């Protein structure tokens with residue numbers, strides 16, 4: 001049996017694709033991509049990883065049919081699959097590409113083809129290996145997270161705030177969560193100086209998690225509010241101790 005459409009054309013190993021690039025290439029070749037729900041496209045825009053594999057194929061007398069399973073791992077840990085049908089309408093003719101949201105739609109489209117749907121040359125088990133992504137420690141909310149990180153770093157007044165490589169990584173943030181960390185220095189309370197410590201946790205485009213630690217306080221000569229940002233909780237707490245000692 002010969003396979004007329006090279007699988008390598010779908011996943012060029014020498015040029016790894018991002019999840020977004022994989023989606024755009026799939027939609028670009030599918031004749032019916034405009035029929036996909038807008039909500040499906042919005043979900044896939046935030047995908048962290050993807051994988052595509054040949055699911056089944058049938059070849060007979062110059063007529064060919066193949067189905068591909070394209071799966072994306074989303075930021076919330078769930079997976080979303082699109083089914084691609086590739087076939088020709090005349091023996092030896094150019095392949096046509098169609099894309100569907102679920103298998104029922106795929107089966108309906110396959111039934112309209114000249115090839116019999118129930119006697120394929122082979123069927124492959126549905127088993128897609130996704131790129132490993134660790135289970136998130138936080139419950140993230142997609143909400144202009146890269147811009148949130150940029151604004152947080154911009155308002156930080158401490159000269160040793162994170163920058164450079166960490167700031168560049170945060171430009172890929174797809175979601176974030178803000179939580180308050182309790183247990184500030186006791187001396188601050190006695191001095192009636194206000195301290196708050198917040199963790200800004202970010203989920204990056206590659207699935208990694210990065211936190212910025214924000215110290216908000218009024219331990220300033222004129223009592224004004226000040227924001228400082230650090231790359232670790234320990235560093236942030238030590239900064240709070242130093243500020244509290246200066247006004248005690």
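The values are calculated or read from the model by the stated rules, or taken from the named source; none is laboratory data. Remember, predicted model here, so these are calculated numbers, not experimental data. Counting neighbours? That spans all protein chains shown, and the Cβs are built from the backbone with ideal geometry, glycine included.
Things worth noting here:
- All conditions but one from (1) at pLDDT below 90; (2) surrounded by 13 or more Cβ atoms within 10 Å (Cβ to Cβ) apply to residue 127; the one that does not is (2).
- All conditions in (1) out of contact with any strand residue (DSSP E or B) (no Cβ under 6 Å at 6 or more places or on another chain); (2) surrounded by 17 or more Cβ atoms within 10 Å (Cβ to Cβ) hold for residue 60, with the sole exception of (2).
- Top-ranked residue in region 75-89 [being touching a strand residue (DSSP E or B) at 6+ places or on another chain (Cβ under 8 Å) and assigned to a loop (DSSP other than H, G, I, E, B); ranked as nearest to residue 49 (Cα to Cα)]: 75
- Verdict on residue 233 being in contact with a helix residue (DSSP H, G or I) (Cβ under 9 Å, 6 or more places away or on another chain), on the phi < 0 side of the Ramachandran plot, in contact (Cβ under 8 Å) with a residue 24 or more places away in the chain and assigned by TED's automatic domain parsing to the domain that holds residue 174: no
- Annotation note: of 55, 59, 97, 70, the sole residue that is assigned to a strand (DSSP E or B) and modelled with pLDDT under 80 is 59.
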